[in-house]
Amino acid sequence: MGYFILFAILALWVLIDAAKRKNNFIGWPIGTILIGPIILPFYIAFRNLKEGEIREGGKAWNVLKNFAIFWTILAIVQEITIILMMPSVVDQSMSEAEQAGAALGSTFAALIIPVVWFIGMVFALILGFFLKKSSIVEKGPTGALSNSSI
């Protein structure tokens with residue numbers, strides 16, 4: 001449930017932002033609600049820049065940097081969801097053995113999330129640092145915004 005709420009909010013933001021920036025305001029939000037942690041970093045890296053905005057490091061760096069940010073947000077939401085659901089999962093169990101299993105399973109899930117987050121984060125940042133090109137600096141307005149007066 002936490003995922004759906006998070007991605008619905010992010011998809012709504014992408015819809016509004018993409019419309020203002022003259023990006024594909026239908027495709028990006030649909031992609032965000034379906035596979036948010038993958039699509040959202042691409043949207044941020046490829047969206048049109050407004051006047052005065054700057055994007056540095058190249059597309060690959062920006063995708064990986066934003067993936068690391070959203071991966072962290074996702075891990076935090078998942079961890080909070082698991083911790084909040086633990087008591088109800090244990091209470092719904094019928095026997096003491098089921099309760100013990102539910103408690104152990106929930107605890108394992110709560111402990112594995114930081115490990116998975118760390119592996120994804122290290123991979124994204126190391127790859128990002130290798131692909132970063134400090135010589136690439138984009139200054140807004142870009143894309144369809146460069147032809148308008150926003």
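Coordinate-derived values only; no laboratory data. In this text the structure is predicted, and so the values were computed from the model without any measurement.
Stick to Cα atoms and the Kirkwood definition of Rh, then tell me Rg/Rh for the chain.
Values: Rg = 19.7 Å, Rh = 17.5 Å.
Taking Rh as the inverse mean 1/r over Cα pairs, Rg/Rh reads 1.12.
Grab the Cα-Cα distance for F129 and T72, subtract it from 0.36 nm times how many residues apart they are, and report the gain in nm with one decimal. Numbers along the way, then the final one.
On the way: separation 57, 0.36 × 57 = 20.52 nm, distance 1.77 nm.
Separation in residues times 0.36 nm, less the Cα-Cα distance, equals 18.7 nm.
Which lysines have a Cα lying under 18 Å from the Cα of K139, excluding residues fewer than 8 positions away in the same chain?
Excluding near neighbours in sequence, the set is K20, K22, K50, K59.
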